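Below: one structure, written as structure tokens.
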Amino acid sequence: MDESRFTYSGPPELLPKVARALEKVVDPEVALNIVDVGLVYDVTVADGRMDVRMTMTSAACPVTDIIVDDTENALDDDMPPELKIHVELVWEPPWTPQRMSPRARAFMGW
């Protein structure tokens, strides 16, 4: 688990659960989890709400809806039931391959 791949603000005890839930979500185009691909920018937990800002590798990504839905479902399954999950798709800053984990870069042959 690499919790440093995204910014987190919230109860420290939730961070490992958040990271594990996000690592369950796979980008089907590259067969890697969204944390390793670098799609998750930040997660904020406050006032009974979890806000996740994430992106795609391209605005033309054909599986955007699937990834966003899978992210919401994975978090909803693993977080306390009273926590409202909100996933926001953003395009700024744009995704770059530098956001990928060393594991993902090795997998992609970069």
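Inclusion of Val18 among residues that are under 19 Å from Asp70 (Cβ atoms) and in contact with a Phe, Trp or Tyr (Cβ under 6 Å, 6 or more places away or on another chain) is not warranted.
In the range 62-70, the condition of being without any contact (Cβ under 8 Å) to a residue 24 or more places away in the chain and surrounded by 17 or more Cβ atoms within 10 Å (Cβ to Cβ) is met by at least one residue.
Is it the case, given these coordinates, that Asp47 is exposed (fewer than 14 other Cβ atoms within 10 Å of the Cβ), among the charged types (D, E, K, R) and at pLDDT below 95? Walk me through it before giving the result.
On the way: exposed (fewer than 14 other Cβ atoms within 10 Å of the Cβ): yes; among the charged types (D, E, K, R): yes; at pLDDT below 95: no.
Spelling it out, it is not the case that Asp47 is exposed (fewer than 14 other Cβ atoms within 10 Å of the Cβ), among the charged types (D, E, K, R) and at pLDDT below 95.
State all residues of the range 1-51 that are basic (Lys, Arg) and either free of Cβ contacts under 8 Å to residues at least 60 places away in the same chain or touching a strand residue (DSSP E or B) at 6+ places or on another chain (Cβ under 9 Å) (or both); if no residue qualifies, say none. Residues satisfying the conditions are Arg5, Arg20, Lys24, Arg49. Among residues of the range 80-110 being in contact (Cβ under 8 Å) with a residue 60 or more places away in the chain, under 13 Å from Ile34 (Cα atoms) and not hydroxyl-bearing (Ser, Thr, Tyr), the one that is surrounded by the most Cβ atoms within 10 Å (Cβ to Cβ) is Met100. Given the criteria in a strand (DSSP E or B) and either among the basic types (Lys, Arg) or on the phi > 0 side of the Ramachandran plot (or both), does Arg103 qualify? No; evaluated as a whole, the condition is false for this residue. Applying the criterion of being acidic (Asp, Glu) and surrounded by fewer than 20 Cβ atoms within 10 Å (Cβ to Cβ) to the residues of the range 10-44, the residue that is farthest from the chain's Cα centre (by Cα) is Glu13.
Out of all the residues in the range 11-38, which are touching a Ser or Thr at 6+ places or on another chain (Cβ under 6 Å) and closer than 18 Å to Glu72 by Cβ? Give the derivation first.
Of the range 11-38, the ones touching a Ser or Thr at 6+ places or on another chain (Cβ under 6 Å) are 25, 36.
Across the range 11-38, the qualifying residue is only Val25.
The values are calculated or read from the model by the stated rules, or taken from the named source; none is laboratory data. All of these numbers come straight from a predicted model, not from anything done at the bench. Note that we place each Cβ from the backbone using ideal geometry, even for glycine, and neighbour counts take in every protein chain shown.
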